[in-house]
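K.L.:
Mind having a look at this structure? Questions to follow.
What follows draws every value from the coordinates through simple rules; no lab data is involved. What you see is a predicted model; the values in this text were computed from it and never measured. We place every Cβ from the backbone using ideal geometry, glycine too, and count neighbours over all the protein chains shown.
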Amino acid sequence: MHSSDKFHDECGVVAIFAHPEAEKLAYLGLHALQHRGQESAGIVTSDGLTSRAHKAMGSVADIFTEDVLLKMRGTLAIGHTRYSTAGDSALLNAQPILVQSNKGSIAVAHNGNLVNAVQVRARLESQGSIFQTNSDTEVIVHLIALSKEQTLPEAVADALRRVEGAFSLVMMSNDRVFAVRDPRGFRPLAMGRIAALEGQKHDTIVFASETCAFDLIGADYVRDVKPGELIVVGPEGINSRFYSTAAPQSSCIFEHVYFSRPDSIVFGRAVQTSREELGRQLAREAGVDADLVVPVPDSGVTAAVGYAAESGIPFRFALIRNHYVGRTFIEPSQSVRDFGVKLKLNPVRSLLQGKRVVLIDDSIVRGTTSRKIVRMIRSAGAKEVHMRVSCPPTISPCYYGVDTPSKKQLIAANKSVDEIRDYIGADSLAYLSLDGLKKACGEGPKISYCSACYTGSYPTDIIDVDEIQPAAVRR
Ligand code: SF4
């Protein structure tokens, strides 16, 4: 079940080639990507000859203590932090997946979701493959192991041509690191470089879902792995090839709306630029007479800054977030109305009293949380509450690695904007237009986006909708 009224993050991946402390860089990289998944994390390292893995449930800092890292020293490493999208959240499904095959040891970490995993798996099982997990990533591992191609890079390319959907992958053999994006480029993956240390022959090459991971480990952003590209980094240097014919690019626009950190460059564009522009565009499209612009923290903050700048209405933090909320809290037996939201947010009465407020958030998924927040702001004395959302109504689930509720639970799939306004109790409600969203995120000759959760029009064939359900439905 979803515990909050938001789309959930997916996964984060990181890879390090040729560094004397690769395990520590992978750990730090994962720490910077923790917002992409908090259920489990894992690292596989290699000293050039042998690979070692450690995976556990929980957050990166809790799992990777100094003792654990000491036991897995290596010069190559890949890492993964996970919010489960396919397969349940048990440790069994934590990544990276490390297997021994006829092509040597292979470790794989995957961000995304395959849309034909069920079909490929059924075919492989009928041919005798035995699966250890129920994650779709294992399908890729089996395809690599079964490939008739002789070299590992050829086998990887062969396997990837047989899967369909969203995948940004980092892989590792004992002496090479591989980085791949699917031909549509749904999920991000960037390449960076750390200049060689004294006595080190080569620069260190790194890959990560977001460039905020590079900042922490002192790597410079070089470029994105391109859609359909397979990069192999080994003793012979960096080799790039395109394993698949080009497909129209459909990078996930929600990375810019919500998932990625504003300090990251994603799909070659600064997330901060997009997010602030979303707010500016929203102010141009859906202005209103008001006294204050108030963000829902933290998700609405950057768009609210843009909205305030464009509209000239003062920006105020009139909702304060408690950062120390765990998963469960004991509620008094005389139950408190909207207890869950009150634990996380509290209104600043002195700012809100008698004011007309523009409340900014980045999405309304089910509407339950927005309804409570609007009620909270009114009860703190606001005269009017005008809700503005920095993306269009979310009407369809995601099949590409983002954990979304089913269509039945998406309020905008079932109610009109006026009905949603009435449900959340706002004086007015407006969403950003689809054109406005794409414009704010820089759609053009250099980048084109997937926006299927706003349009219901999917860039891949959904082969069997009954089988390929979003994760929330399957749980
Ligand atoms: S459906 Fe939405 S969340 Fe999923 S990849 Fe497309 S834009 Fe991103």
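K.L.:
Along Cα→Cβ, 7 Å out, is where each label goes; now give me the distance between the ones at Glu419 and Asn322 in nm to one decimal.
P.N.:
3.5 nm
K.L.:
Could you line up Ile360, Ile330, Ile420 from fewest to most neighbouring Cβ atoms inside 10 Å? Intermediate values should be presented prior to the final figure.
P.N.:
Details: Ile360 29, Ile330 5, Ile420 22.
Taking fewest neighbouring Cβ atoms as first place, the list is Ile330, Ile420, Ile360.
K.L.:
Let me ask something else about it. For segment 8-250, what is the charge dipole size about the Cα centre, in debye to the nearest 20, if Lys and Arg each add +1 at the Cβ and Asp and Glu each add -1 at the Cβ?
P.N.:
Working: 22 positive and 27 negative charges, 110 e Å.
The dipole magnitude comes to about 520 debye.
K.L.:
Okay, next question. Among all lysine pairs in segment 8-250 that are eight or more places apart or on different chains, how many have alpha carbons less than 21 angstrom apart? Can you show the working numbers first?
P.N.:
Numbers: Lys24/Lys55; Lys24/Lys71; Lys24/Lys201; Lys55/Lys71; Lys103/Lys148.
Going through segment 8-250 pair by pair, I get 5.
K.L.:
Also, I was wondering about something else. Kindly state, as a whole number, the per residue volume in cubic angstrom of the convex hull around the alpha carbon atoms of segment 276-349. Write down the numbers at each step before the final one.
P.N.:
Numbers: hull volume 8.1 nm³, N = 74.
Dividing the Cα hull volume of segment 276-349 by its residue count gives 110 Å³.
K.L.:
Fully extended, how many nm does the chain gain between Ala122 and Leu49 (0.36 nm per residue separation, minus their Cα-Cα distance)?
P.N.:
On the way: separation 73, 0.36 × 73 = 26.28 nm, distance 3.39 nm.
Contour length minus the Cα-Cα distance gives 22.9 nm.
K.L.:
Follow-up. Give the residue from Pro248, Val99, Ala318 lying farthest towards the positive end of the charge dipole for the chain; charges sit on Cβ (+1 for Lys and Arg, -1 for Asp and Glu) and the dipole is referred to the Cα centre.
P.N.:
After comparing all options, I get Ala318.
K.L.:
Largest first, please: the extent of the C-alpha atoms of the chain along each principal axis, to the nearest Å.
P.N.:
For the chain, the Cα spread along each principal axis is 71, 53, 51 Å.
K.L.:
Something else: Note the angle between two axes, namely the Cα long axis of helix 22-32 and the longest principal axis of the Cα atoms of the chain, as a number of degrees from 0 to 90, rounded to the nearest 10.
P.N.:
It works out to around 20 degrees.
K.L.:
Then there's this: Quick one: order Ser379, Ser46, Ser448, Ser168 by neighbouring beta-carbon count within 10 Å, fewest to most. Write out the running numbers ahead of the final one.
P.N.:
Numbers: Ser379 13, Ser46 26, Ser448 18, Ser168 29.
Least to most surrounded, the residues fall as Ser379, Ser448, Ser46, Ser168.
K.L.:
With all distinct Cα pairs included, what does the Kirkwood hydrodynamic radius of segment 362-438 come out to in Å, to one decimal, could you say? Kindly include the intermediate steps, with their values, before the conclusion.
P.N.:
Working: mean 1/r = 0.0761 Å⁻¹.
With all distinct Cα pairs of segment 362-438 included, I get 13.1 Å.
K.L.:
Report the Rg/Rh value for segment 1-153, based on alpha-carbon coordinates and the Kirkwood definition of Rh. Please list the in-between numbers first.
P.N.:
Numbers: Rg = 15.7 Å, Rh = 16.0 Å.
Rg/Rh for segment 1-153 comes to 0.98.
K.L.:
In whole angstrom, how long is each semi-axis of the equivalent ellipsoid of segment 149-253, when you take the square root of 5 times every eigenvalue of its Cα gyration tensor and sort them from largest down?
P.N.:
Numbers: eigenvalues 116, 67, 17 Å².
Each semi-axis is √(5λ); the values are 24, 18, 9 Å.
K.L.:
Using only Cα atoms and rounding to the nearest 10 degrees, what angle (0 to 90) does helix 368-379 make with the longest principal axis of the chain?
P.N.:
Compared with the principal axis, the helix lies near 40 degrees.
K.L.:
Which of the peptides 232-241, 421-430 is most tightly packed, and how do the rest follow, judged by the mean count of other Cβ atoms within 10 Å per residue? Don't skip to the answer; put the middle values down first.
P.N.:
Details: 232-241: 14.8, 421-430: 18.5.
Averaged packing, sorted descending, gives the order 421-430, 232-241.
K.L.:
Helix 301-311: angle to the longest alpha-carbon principal axis of the chain, degrees 0 to 90, nearest 10?
P.N.:
In the chain, helix 301-311 runs at an angle near 50 degrees to the longest axis.
K.L.:
Could you tell me which residue out of Ser299, Ser370, Val358 lies farthest along the dipole of segment 286-391 toward its positive end? Charges go on the beta carbon: Lys and Arg +1, Asp and Glu -1, centred on the Cα centre.
P.N.:
So the residue we want is Ser370.
K.L.:
Oh, and also: Considering only Ser264, Leu114, Ala18, whose Cα is most displaced toward the positive end of the charge dipole of the chain, charges sitting on Cβ of Lys, Arg (+1) and Asp, Glu (-1)?
P.N.:
Ser264
K.L.:
Would you mind working out the magnitude of the charge dipole of the chain relative to its Cα centre, with +1 at each Lys and Arg C-beta and -1 at each Asp and Glu C-beta, to the nearest 20 Debye?
P.N.:
Details: 53 positive and 53 negative charges, 186 e Å.
Dipole about the Cα centre, nearest 20: 900 debye.
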